[in-house]
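Report on the structure given below.
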Amino acid sequence: MSPLDVAPDDAWLSLLGVAPQTEEISGDEYVRELRFPITDTDELHLTWDQTDQSVRIRLNSGTAVVVDLFREQATLLTAEVNGTQRFIVLKYRAEGCTGTTRVQVQPAFAITDTFLRT
């Protein structure tokens, strides 16, 4: 099993302006979270467990969960910049398939998810 490669904390901070923390709910030191404000009421909540290779991406609007993506067998979790656009990028795999989820967090929110046979 390949490990989950996660961008270092300083990369998240420099590219998105927020740094990951230990997840509040579980208190498990191996589960990290990042909270990124999208609007005054919308927040992206990203959590990952490097040892279990799992990632959850949630968009919350107030108290409502609008988007909830969960991926296992994740291989890469990072942040990218393209001009004024800021992205969270997740790569994952399953037997005979690979997937990529790109979450644009600035200047507008958008999700692109592809899952293809190899």
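The values are calculated or read from the model by the stated rules, or taken from the named source; none is laboratory data. Predicted model only: the values in this text are computed from it and were never measured. Cβ sites come from the backbone with ideal geometry, for glycine too, and all protein chains shown count toward neighbours. Heads up: the accessible areas ignore ligands, DNA and RNA and are worked out on the full protein's heavy atoms, side chains in. Shrake-Rupley method; radii C 1.70, N 1.55, O 1.52, S 1.80 Å.
Assign one of three labels to the range 30-86, namely rounded, prolate or oblate, based on the Cα gyration tensor with a ≥ b ≥ c the square roots of its eigenvalues; rounded applies when a/c is under 1.5, prolate when it is not and a/b is larger than b/c, and oblate otherwise. Could you put the intermediate results ahead of the total?
Numbers: a/c = 2.27, a/b = 1.28, b/c = 1.78.
Oblate.
Let me make sure I get this right: for the chain, a, b and c are the square roots of the gyration tensor eigenvalues over alpha carbons, sorted descending. Under 1.5 in a/c it's rounded, otherwise prolate if a/b > b/c, else oblate. Which is it?
It is rounded, given that a/c, with a ≥ b ≥ c, falls under 1.5.
Kindly sort 33, 95 by accessible area of their heavy atoms, largest first, with the probe set to 1.4 Å.
Descending order: 95, 33.
If I take R0 = 22 Å and measure r between the Cβ atoms of residue 89 and residue 43 in this structure, what FRET efficiency does the formula 1/(1 + (r/R0)^6) give, to the nearest 0.05?
0.70
Mark the label point 7 Å from the Cα of residue 112 along Cα→Cβ and return the residues of the range 44-79 whose backbone N is within less than 17 Å of it.
78-79
Would you work out what percent of the accessible area of the chain, with all protein chains in place, is carbon or sulfur (probe 1.4 Å)?
That share works out to 48 percent.
Starting from the Cα of residue 67, step 7 Å along the direction of its Cβ; do the same at residue 100; then give the gap between the two resulting points in nm.
If labels sit at residue 67 and residue 100, their model points lie 1.6 nm apart.
With a probe of 1.4 Å, find how much accessible area the chain has per residue, and write the answer as a whole number in Å².
Computed with neighbouring chains in place, this is 58 Å² per residue.
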